[in-house]
Amino acid sequence: MDELNLLQRIAIWILPVLFAITVHEVAHGWVAMRLGDRTAMMLGRLTLNPIKHIDPVGTLLVPGVLLIFSNFIFGWAKPVPVTWENLRRPKRDMALVAVAGPMANLIMALLWVAIMKLSLLLPGGLSAATQPLLYMGAAGIQINLILMLLNLLPLPPLDGSRVVSSLLPDRLSWRYNQLEKYGLLILLILLASGGLQYILGTPFYKLQTMLYLLVGI
């Protein structure tokens with residue numbers, strides 16, 4: 001996509017980014033509802049309308065700046081609220097709610113694989129008419145893999161930390177969760193220092209290669 005200008009890149013990336021973060025959050029709320037907590041539903045967050053989930057910094061500013069200055073893009077939406085006490089088995093169920101987001105991103109990555117495959121099967125192959133669809137599929141795979149891997153990191157408040165917290169004894173779990181107040185700062189330091197790309201780079205490229213094999217490129 002390096003040959004695309006900024007406006008073309010924005011046009012290619014905007015739908016994949018919005019869908020990736022929206023479906024991720026809806027998945028959290030939907031699983032929470034299935035496990036007894038209807039908070040997200042009552043607040044109108046079980047919707048695919050991205051406006052309900054947009055965080056000005058995480059959904060617009062951070063992805064926009066990264067799109068301009070790098071090839072590494074991620075973002076986040078407003079977290080879907082989950083009332084811990086409403087869950088049937090709170091400690092276990094919070095882990096299931098947390099895992100739902102990254103798994104939704106994996107499913108979406110596979111759907112974008114199908115879109116890329118379709119773009120190659122359409123009449124004209126890699127013509128100017130089908131290239132945007134191919135590029136959008138590639139962007140969809142990239143953002144969903146990044147969000148999946150990023151959220152699986154065991155850094156509070158990321159989803160991976162909820163799984164770790166559910167496995168720890170209550171006292172250790174409480175202490176571990178206190179890291180949440182520093183989580184965003186740690187994440188930004190990792191991003192600025194290149195540490196985030198170092199941590200996620202190898203699993204990302206391996207997964208991306210596997211998905212591209214399914215596409216046939």
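For the cross-link pairs Lys91/Lys206; Lys78/Lys117; Lys117/Lys206; Lys52/Lys181, which exceed 29 Å when the distance is taken from alpha carbon to alpha carbon?
Lys91/Lys206; Lys78/Lys117
Taking R0 as 35 Å, what FRET efficiency do you get between Ile199 and Thr39 from their Cβ-Cβ distance, rounded to the nearest 0.05?
0.65
For the stretch 1-130, taking Cα atoms only, what is the radius of gyration to one decimal and the Dmax to the nearest whole Å?
Spelled out, the Cα radius of gyration and Dmax of the stretch 1-130 are 17.4, 55 Å.
Kindly express, to the nearest 10 degrees and within the range 0 to 90, the angle between helix 180-193's C-alpha long axis and the longest C-alpha principal axis of the chain.
That helix lies at roughly 30 degrees to the long axis.
Quick one: helix 6-34 against the long Cα principal axis of the chain, what's the angle to the nearest 10°, folded into 0 to 90?
For 6-34 against the chain, the angle is about 30 degrees.
For the stretch 28-73, state the semi-axes of the equivalent ellipsoid (square roots of 5 times the eigenvalues of the alpha-carbon gyration tensor), sorted largest first and rounded to whole angstrom.
Square roots of five times the eigenvalues give 30, 11, 7 Å.
Specify the angular offset, from 0 to 90 degrees and rounded to the nearest 10, of the alpha carbon long axis of helix 90-121 from the longest principal axis of the alpha carbons in the chain.
Result, in degrees: 10.
Return the tail of the calculated pair distribution for the chain, meaning the percent of Cα-Cα pairs more than 26 Å apart.
Percent of Cα pairs beyond 26 Å in the chain: 38.
Using Cα-Cα distances under 8 Å and only pairs 6 or more residues apart, what relative contact order does the stretch 78-217 have, in percent?
Across the stretch 78-217, relative contact order equals 25 percent.
Tally Lys and Arg at +1 and Asp and Glu at -1 over the other residues with C-beta under 15 Å from the C-beta of Leu213: what net charge comes out?
+2
Using label points projected 7 Å from each Cα along Cα→Cβ, tell me how many nm separate Leu4 and Leu122, to one decimal.
Each label point is offset 7 Å from its Cα along the Cβ direction, giving 1.4 nm.
Show me the ranking of peptides 141-147, 159-165 by mean Cβ neighbours inside 10 Å, starting with the highest.
141-147, 159-165
Given R₀ = 30 Å, what would the calculated FRET efficiency be for Arg175 paired with Leu15, taking r from the Cβ atoms and rounding to 0.05?
Result of the calculation: an efficiency of 0.15.
Laboratory data are not the source of any read-out in this text; all were calculated from the coordinates shown. Remember, it's a predicted structure, so these values are computed and weren't measured experimentally. Don't worry about glycine lacking a Cβ; one is built from the backbone with ideal geometry, like all the others, and counts go over all protein chains shown.
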